[in-house]
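The values are calculated or read from the model by the stated rules, or taken from the named source; none is laboratory data. Owing to the predicted nature of the structure, the values given are computational and were not obtained by experimental measurement. All Cβ positions, even for glycine, are placed from backbone atoms using ideal geometry, and neighbour counts span all protein chains on display. Remember, those area values only see protein heavy atoms, side chains included, never the ligands or the DNA or RNA. Shrake-Rupley method; radii C 1.70, N 1.55, O 1.52, S 1.80 Å.
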Amino acid sequence: MGKVLLVTGYKAHELGIFNDSHPGLPIIKWVLKNQMQQLIDEKDIEWILISGQTGVELWAGEIVGELRLDYPELKLAVLTPFLEQEENWKEETQEYYQMILGEADFVESITNRKYENPGQLKAKNQFLVQKSDSMLVLFDEDTPGSPLFYINEAKKREQNDTNYDIIMITPTDLDMAAQEIRESNPDYWTQ
């Protein structure tokens, strides 16, 4: 396996995004795509790794499909924390999830059983950080949420592996991107 970028961040509901028409979604996807593209170029990333949770991770999975136009060798791995993590999601979200899994080059569950306890989520965070070379995370230090668990694991790894990078997308990055989009492409919001 080549160089691996773990991409994570908030779940959709943590961002207050409950459908595809949310005005913040195009900004998040634009920043994710640009950051992923930059890291592919700078770090020779060959694999994008996600656990398939809603929000940033599934959007990153979708973006891999777009990036493959310029990087046909780019691969997507989805390592879910447990079997059938999507079983209680809304039908629309389950369909989106299945579409992303269908595009993935590798899909596996870390624990080969359904949800039993929070330890499976901790094991997922540890495993994905260990299997990656760097992590791209959408995170706001003022609103920790679920990404904090990944960041804690990544910081532990970073202490022993100075080559491990944690790259954060912050609210400031999103604000700057929104401004840049407005200035360079005023019709972006109506497309």
Query raised in the report: Roughly how many percent of the accessible protein surface of region 32-151 is carbon and sulfur, given a 1.4 Å probe and a whole-percent answer?
Result: 48
Query raised in the report: In whole angstrom, how far apart do the alpha carbon centroids of region 1-47 and region 134-176 sit?
Result: 13
Report task. Beyond 30 Å between alpha-carbons counts as too far, so tell me which of 90/156; 90/155; 3/90; 33/131; 43/155; 11/75 fall in that bin. Result -> 90/156; 90/155; 3/90
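With the cut-off at 1.5 for a/c, could you classify the chain from its C-alpha gyration tensor as rounded, prolate or oblate? Display every interim value, and only then the final one.
Details: a/c = 1.41, a/b = 1.22, b/c = 1.15.
In terms of gyration-tensor shape, rounded.
Please give me the summed charge of the neighbours of residue 143: other residues whose Cβ is under 13 Å from its Cβ, Lys and Arg +1, Asp and Glu -1. All intermediate terms of the calculation are to be shown ahead of the outcome.
Values: positive: 11; negative: 14, 140, 141, 142.
Neighbour charge sum, excluding residue 143 itself: -3.
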**Report entry** Residue-wise HN-Hα coupling along region 60-65, computed from phi with Karplus coefficients 6.51, -1.76, 1.60 (Hz; x: Gly, Pro)
**Finding:** 4, x, 5, 5, 4, x
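Given Cα pairs under 8 Å that are at least 6 residues apart, what percent is the relative contact order of region 20-76?
On the way: 38 pairs, mean separation 20.1, N = 57.
The normalised contact order for region 20-76 reaches 35 percent.
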Requested in this report: Rank 162, 80, 170 by mean-square fluctuation in a GNM of the chain with C-alpha springs under 10 angstrom and give only the top-ranked residue.
Outcome: 162
Query raised in the report: What residue among 103, 84, 153 has the largest mean-square fluctuation in a Gaussian network model of the chain, using Cα springs under 10 Å?
Result: 84
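Relative contact order for the chain using alpha-carbon pairs under 8 Å, separation at least 6, rounded to a whole percent?
On the way: 273 pairs, mean separation 48.6, N = 191.
Contact order relative to length: 25 percent.
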Query raised in the report: Which ³J(HN,Hα) values, rounded to whole Hz and listed in residue order, are derived for region 33-47 from phi using the Karplus coefficients 6.51, -1.76 and 1.60 in 6.51 cos²θ - 1.76 cosθ + 1.60 with θ = phi - 60°, glycine and proline given as x?
Result: 4, 5, 5, 4, 4, 4, 6, 4, 5, 6, 10, 6, 5, 10, 10
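How much of the DSSP bridge set in the chain is antiparallel, in percent, rounded to the nearest 5?
Values: 1 of 23 bridges.
Among the beta bridges of the chain, antiparallel pairing accounts for roughly 5 percent.
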Requested in this report: List, in order, the whole-Hz ³J(HN,Hα) value for each residue of region 78-89 obtained from phi through the Karplus relation with A = 6.51, B = -1.76, C = 1.60 and θ = phi - 60°; use x for Gly and Pro.
Outcome: 10, 10, 6, x, 7, 5, 6, 4, 8, 4, 9, 7
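Just to confirm, what accessible area per residue do you get for region 1-158 at 1.4 Å probe, in whole Å²? Intermediate values should be presented prior to the final figure.
On the way: 7730 Å² over 158 residues.
Heavy-atom SASA per residue in region 1-158 reads 49 Å².
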Query raised in the report: So what is the relative contact order of region 87-191, in percent, for Cα pairs below 8 Å that sit 6 or more residues apart?
Result: 22
